[in-house]
1. Kindly identify region A:204-256 as rounded, prolate or oblate by the Cα gyration tensor criterion: order the square roots of the eigenvalues as a ≥ b ≥ c, call it rounded if a/c is under 1.5, otherwise compare a/b with b/c, prolate if a/b is larger, else oblate.
2. May I have the convex hull volume per residue, in Å³, for the Cα set of chain A?
3. How about region A:124-216: which GluC sites (Glu not before Pro) there lie in a loop by DSSP and see at most 15 other Cβ atoms within 10 Å?
4. Apply the a/c threshold of 1.5 to the C-alpha gyration tensor of region A:1-95 and tell me whether it is rounded, prolate or oblate.
5. Stokes-Einstein D for region A:163-256 at 10 °C, 1.306 mPa s, Kirkwood Rh over Cα pairs, in µm²/s?
6. Using Cα centres only, tell me the gap between region A:45-82 and region A:92-114 in whole Å.
7. Based on DSSP H runs of at least 4 residues, each adding -39500 (n - 2.57), what is the mean residue ellipticity at 222 nm of chain A after dividing by all its residues, to the nearest 500 deg cm²/dmol?
8. First obtain the Kirkwood hydrodynamic radius of region A:135-205 from its Cα pairs, then insert it into the Stokes-Einstein equation at 10 °C and 1.306 mPa s, and state the resulting D in µm² per second as a whole number.
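Only the coordinates and a few stated rules stand behind these numbers; no lab work does. Small disclaimer: the values here were computed from a predicted structure and weren't measured. Reconstructed Cβ throughout: ideal geometry from the backbone, glycine too, with neighbour counts over all protein chains shown.
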Amino acid sequence: MKIASWNVNSLNVRLPHLEQWLRAFGPDVVGLQETKLEDHRFPDEALAALGYRSVFSGQKTYNGVAILARGPLQDVVVGIPGFEHEHRRAITATVDGIRIVNLYVVNGQAVGTDKYAFKLEWLAAVHAWLAQEIRDHPELVVLGDFNITPDARDVHDPAVWHDGHILSSVAERSALRALLDLGLHDGYRLAQPEGTEFSWWDYRQAAFRRNLGLRIDLTLVSDALRGSVVGAGIEREPRTWERPSDHAPAWVELAR
DNA sequence: ATGGTGGCGGAGCCA
């Protein structure tokens, strides 16, 4: 069972890329972020033609999340229960007995800004909610664009992406650590302890060609699923295509 | 310190 996460940065623009990649890679479950589409515009019929059902929560211009799966998507929850706001950044569903939480974590802009404070509030709300969710669903996968680099191995230049810098700051990494401490594990690190792949490269300054990237797109698996992980990786190829998303798909495979 | 690119929407915001 291959479970993937991809920030597509506009599904309107990237639907052909998604279709091509679904055909080539054949994931069983995919969490999408930054669809930037209102729900009535979501291309569920085009995806159904490829064998994927979908659930989605979107808005115009910003944010927007979806889960695609080959099988039924059950017990869907939109947003973070008890933490209401206008951003469409979270959607959850059960697929084949596995609870899938798909997150588009707040970017935070810069340390010390209002957006940064909101990022930490949002992550605290996610923590409180996942604490309950993992009790109710021990077989849990939390995936998405976390907008946090787990540690120095996950940045191209630790001198720039240091402990006071957005996406790498102490508070952000602590918030991610708190999620992991609920009983979750970074699928990529389980499968590739020495891996140095990135999942995001800035559009500017030829960052992809120079491999100036970060690993911020994660697939976390719960204790109950840890022993089932048979692989994990990042799909670099879609980032080489014409007019790509700035993110590459990150995936984990479970033996089931 | 600034601006570099891309999406959306049609100027400026967000990343």
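1. Prolate, since a/c reaches 1.5 and a/b exceeds b/c.
2. In chain A, the Cα convex hull volume per residue is 117 Å³.
3. Answer in residue order: A:E194.
4. On the way: a/c = 1.90, a/b = 1.28, b/c = 1.49.
Oblate shape, in that a/c is at least 1.5 and b/c is the bigger or equal ratio.
5. Values: Rh = 14.5 Å.
In µm²/s, the coefficient rounds to 110.
6. If we compute the Cα centre of each part, the gap is 14 Å.
7. -7500 deg cm²/dmol
8. Here the translational diffusion coefficient equals 117 µm²/s.
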